[in-house]
1. Are any of the residues in segment 127-139 closer than 13 Å to G260 by Cβ and either open to solvent by less than 40 Å² (accessible area, probe 1.4 Å) or assigned to a loop (DSSP other than H, G, I, E, B) (or both)?
2. Could you please let me know if S336 is more than 17 Å from G134 (Cβ to Cβ), under 20 Å from the mean Cα position of the chain (by Cα) and either modelled with pLDDT under 95 or surrounded by 13 or more Cβ atoms within 10 Å (Cβ to Cβ) (or both)?
3. Only one of (1) touching a residue at least 60 places away in the same chain (Cβ under 8 Å); (2) closer than 28 Å to S5 by Cα; (3) within 17 Å of the chain's Cα centre (by Cα) fails for F238. Which number is that?
4. Residues that are open to solvent by 10 Å² or more (accessible area, probe 1.4 Å): list the strands (runs of 3 or more DSSP E) wholly contained in segment 178-274 that include at least 1 such residues.
5. For segment 59-69, does any single residue satisfy the condition of being of a type in the set (F, W, Y), under 23 Å from G9 (Cα atoms) and more than 16 Å from the chain's Cα centre (by Cα)?
6. Of all residues in segment 292-309, how many are open to solvent by 40 Å² or more (accessible area, probe 1.4 Å), assigned to a loop (DSSP other than H, G, I, E, B) and out of contact with any helix residue (DSSP H, G or I) (no Cβ under 9 Å at 6 or more places or on another chain)?
7. Just need a number here: residues in segment 1-25 that are in contact (Cβ under 8 Å) with a residue 12 or more places away in the chain and assigned to a loop (DSSP other than H, G, I, E, B).
8. Only residues in segment 285-304 that are under 18 Å from V220 (Cβ atoms) count as the first member; pair them with residues that are among the aromatic types (F, W, Y) and open to solvent by 20 Å² or more (accessible area, probe 1.4 Å), Cβ under 7 angstrom, at least 6 apart or cross-chain, and list the lot.
Amino acid sequence: MKLASLKSGRDGRLVVVSDDLAWCADAAHIAPKLQAALDDWDHISPMLQALATDLAHDAIPKERFHEREAAAPLPRAYQWADGSAYVNHVALVRQARGAELPDSFWHDPLMYQGGSDEFLGPRDEIKLTDESWGCDLEAEIVVVTGDVPQGVSAEDALGYIRLVGLVNDVSLRNLIPDEMAKGFGFVQSKPASALSPVFVTPESLGAFWQAGKLHRTLMVDLNGAAFGRAVASDDCTFDFGVLISHLAKTRNIGAGSIIGSGTVSNRDADGGPGKPVAEGGLGYSCIAEIRMIEKIQSGEMKTPFLKHGDTVRIEVRDDAGHSIFGAIEQRVFNPS
């Protein structure tokens, strides 16, 4: 089952979407918005699934689904917590600045809480007032949870995943050092993130979803050229069960919480840092990573951060080349 929110008011209008993303059917008579469905998932999800089945059989009224008309599936959420499932990414960043990677990073995931009062739609522009802030994309996998009890095990946590999707976790890299130096985490350096047009139930992903990992290639294009083709299940140190369990160690997690994987990152086939797609590698899911590799290898960062007018596209496709979650496609613009 695939769910989306069409732009309407602050929280969107819930629709079920066909598997090929071509059609949708209004679900307001079942739940007016996605958060309402998540609040009573056991009761409401079977009705949404029945609606999706009717849509697949042309048994109900339907309308064309246009990704440009979609809001974020959850335009605002009760919680947004982003993890560090790909320790390879963290290791490269620390290596570039000459810092050792603590051994605990391989056993205990990093996690921060970001702003969840606004998620951008998949075609909403990235507002960048000042290019010197170092605007970067971060392509990630996300899950949405139901109500999760405190102290849940990593194994049991997987059963509380309701939906899977994509996020562009926009970062302002040049604002991060001063914020982190204060010892209190990200605030100004983490503006609103964008979510994929649709979220998908784990069951509908079939073999693509195994053991809390998405077994697909995360396709990232920058200005129309292939920038990243990392495999989301490879080099993934922590599955989503571990990330959810980590967050729930000392508290309950409310339904509608969004948990991120952190930047998807693969090493090269020889075990070294990843290579650009143009050189036969799998590329990168953020600009910072290639800049770190450039610094490690040559002592100089060459690839620029995002500029006004740049376009980012993030997508995952099935074996036939069909988009699974729809595409995040954003242009960077100056709002001033």
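1. Of the residues in segment 127-139, the ones closer than 13 Å to G260 by Cβ are 138-139.
Those still in the list that are either open to solvent by less than 40 Å² (accessible area, probe 1.4 Å) or assigned to a loop (DSSP other than H, G, I, E, B) (or both) too: 138-139.
Yes.
2. Values: more than 17 Å from G134 (Cβ to Cβ): yes; under 20 Å from the mean Cα position of the chain (by Cα): no; either modelled with pLDDT under 95 or surrounded by 13 or more Cβ atoms within 10 Å (Cβ to Cβ) (or both): yes.
So S336 fails the test.
3. (2)
4. Details: elements: 217-222, 225-231, 257-260.
Because the criterion is at least 1 residues that are open to solvent by 10 Å² or more (accessible area, probe 1.4 Å), the strands (runs of 3 or more DSSP E) in segment 178-274 that meet it are 217-222, 225-231.
5. From segment 59-69, those of a type in the set (F, W, Y) are 65; that's our starting set.
In the following step, the residues that additionally are under 23 Å from G9 (Cα atoms) were identified as 65.
From the residues that got through so far, the ones that are more than 16 Å from the chain's Cα centre (by Cα) too are 65.
Yes, segment 59-69 contains at least one residue that is of a type in the set (F, W, Y), under 23 Å from G9 (Cα atoms) and more than 16 Å from the chain's Cα centre (by Cα).
6. If we filter segment 292-309 for residues that are open to solvent by 40 Å² or more (accessible area, probe 1.4 Å), which is where we start, we get 295-302, 304, 307-308.
Still in the running and assigned to a loop (DSSP other than H, G, I, E, B): 299-302, 304, 307-308.
Pick out the ones that are also out of contact with any helix residue (DSSP H, G or I) (no Cβ under 9 Å at 6 or more places or on another chain) and you get 299.
Qualifying residue count for the region: 1.
7. Within segment 1-25, the first condition is being in contact (Cβ under 8 Å) with a residue 12 or more places away in the chain, and the residues that meet it are 1-8, 10-25.
Keeping just the survivors that are assigned to a loop (DSSP other than H, G, I, E, B) gives 1, 7-8, 10-12, 18-22.
Total satisfying the criteria: 11.
8. What qualifies is I287/F305.
The values are calculated or read from the model by the stated rules, or taken from the named source; none is laboratory data. Keep in mind that this is a model prediction, so the values were computed, not measured. Neighbour counts run over all protein chains shown; Cβ positions are idealised from the backbone, glycine included. Keep in mind that these areas ignore ligands, DNA and RNA; they rest on the heavy atoms of the full protein, side chains included. Shrake-Rupley method; radii C 1.70, N 1.55, O 1.52, S 1.80 Å.
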